[in-house]
1. Which residues, counting only those in region 1-51, are among the aliphatic types (A, V, I, L, M) and either on the phi > 0 side of the Ramachandran plot or assigned to a loop (DSSP other than H, G, I, E, B) (or both)?
2. Residues that are farther than 23 Å from ILE15 by Cβ, open to solvent by less than 60 Å² (accessible area, probe 1.4 Å) and among the β-branched types (Val, Ile, Thr): which helices (runs of 4 or more DSSP H) entirely in region 134-222 hold 1 or more of them?
3. Specify which of the listed residues (LEU77, LEU103, LEU122) is among the hydrophobic types (A, V, I, L, M, F, W, C) and touching a helix residue (DSSP H, G or I) at 6+ places or on another chain (Cβ under 8 Å).
4. Can you name every residue in region 223-233 that is of a type in the set (S, T, N, Q) and loosely packed, with under 13 Cβ neighbours inside 10 Å?
5. Residues being buried (at least 22 other Cβ atoms within 10 Å of the Cβ), at pLDDT 95 or above and of a type in the set (Gly, Ala, Ser): count how many of those fall in region 62-103.
6. What do you reckon, is LEU90 closer than 16 Å to TYR111 by Cα, assigned to a loop (DSSP other than H, G, I, E, B) and touching a strand residue (DSSP E or B) at 6+ places or on another chain (Cβ under 8 Å)?
7. Here are GLU30, GLU3: which of them is more than 19 Å from THR206 (Cα to Cα), of a type in the set (D, E, K, R), touching a residue at least 12 places away in the same chain (Cβ under 8 Å) and surrounded by 14 or more Cβ atoms within 10 Å (Cβ to Cβ)?
Amino acid sequence: MHEALLVDRRPDRVIAQLNRPDRRNAIDRETIDALHSLCAELEALPRVLILIGSGDDFAAGADIAQLRARRAEDAHLGINAMAFIRIAALPMPAIAALDGYALGGGAELAYAADIRIATPRLKIGNPEPTLGIIAAAGATWRLREIVGDGLAAEMLLTGRTLTADEALAAGLVSGIHAPDELVPAAHAIADRIAAADPLAIRHTKTALRAPRDAHPSIDGDLQAELFESPEKMRRMTEFLERKGRR
């Protein structure tokens, strides 16, 4: 038996690899439980999260055999949805590096990330209605926030999958990279995040995730804390000193 999630822990980031390549990394209950455990760790010790798949795919959906066995009470538990909500709410950013298929639950996991990048092989979408269910793990609200009402409705109602170029044009991914450059590109993004002040990054994510009616009040509250922080003073002093030496 393979672990459903392989976790590489580093001082400033964690790389979590979906590890069911024989099932195109279909998300099963073991994967969900492992994601919850990882979220608990990252809530206690915040670091950037990089999500990747094994083999040629990110995740081709949820485990259909397990979904078929679920009943009404399971739907109310929101088994996959709760894990993805927790990922979206992590203190530090999550980056999803998408290759091959990111469908159904795999797509919804990707939607929960703050930043998504892809290879040219990406196929992303939600075919759930063709299986007699809805995309209930985040797509019905996250996807419309990312790509807009019209495209989200078409994808969710028709099962349309987007290519990498279509996903880039829609703003669903922010960059396309060759397969062997995908993970290094994710690390390059994590490097840029790690170079910034961690508290400023956390507050930026908080502001980005806040509802529209929370602004501008929330921005002022978060900025007020940062304006008083020693790290802000240190970074701005160093900037001014460098500028003065030019």
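The values are calculated or read from the model by the stated rules, or taken from the named source; none is laboratory data. What you see is a predicted model; the values in this text were computed from it and never measured. Note that each Cβ is placed from the backbone with ideal geometry, even for glycine, and that neighbours are counted across all protein chains shown. Side chains included, ligands, DNA and RNA excluded: accessible areas come from the protein's heavy atoms. Shrake-Rupley method; radii C 1.70, N 1.55, O 1.52, S 1.80 Å.
1. Let us first name the residues in region 1-51 that are among the aliphatic types (A, V, I, L, M), namely 1, 4-7, 14-16, 18, 26-27, 32, 34-35, 38, 40, 42, 44-45, 48-51.
Across region 1-51, the qualifying residues are MET1, ALA4, ALA26, LEU45.
2. Working: elements: 144-147, 149-158, 164-170, 182-195, 198-209.
Answer list for region 134-222: 144-147.
3. Working: LEU77 fails: touching a helix residue (DSSP H, G or I) at 6+ places or on another chain (Cβ under 8 Å); LEU103 fails: touching a helix residue (DSSP H, G or I) at 6+ places or on another chain (Cβ under 8 Å).
Only one candidate passes the filter, namely LEU122.
4. First, pick out the residues of region 223-233 that are of a type in the set (S, T, N, Q): 223, 229.
Within region 223-233, no residue meets the criteria.
5. 6
6. Values: closer than 16 Å to TYR111 by Cα: yes; assigned to a loop (DSSP other than H, G, I, E, B): yes; touching a strand residue (DSSP E or B) at 6+ places or on another chain (Cβ under 8 Å): yes.
Spelling it out, LEU90 is indeed closer than 16 Å to TYR111 by Cα, assigned to a loop (DSSP other than H, G, I, E, B) and touching a strand residue (DSSP E or B) at 6+ places or on another chain (Cβ under 8 Å).
7. Values: GLU3 fails: surrounded by 14 or more Cβ atoms within 10 Å (Cβ to Cβ).
Sole residue among the options that is more than 19 Å from THR206 (Cα to Cα), of a type in the set (D, E, K, R), touching a residue at least 12 places away in the same chain (Cβ under 8 Å) and surrounded by 14 or more Cβ atoms within 10 Å (Cβ to Cβ): GLU30.
Yes or no, residue by residue, for (1) among the aliphatic types (A, V, I, L, M); (2) closer than 27 Å to GLY159 by Cβ:
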residue: ASP33; (1), (2): no, no
residue: LEU38; (1), (2): yes, no
residue: GLU43; (1), (2): no, no
residue: ALA65; (1), (2): yes, yes
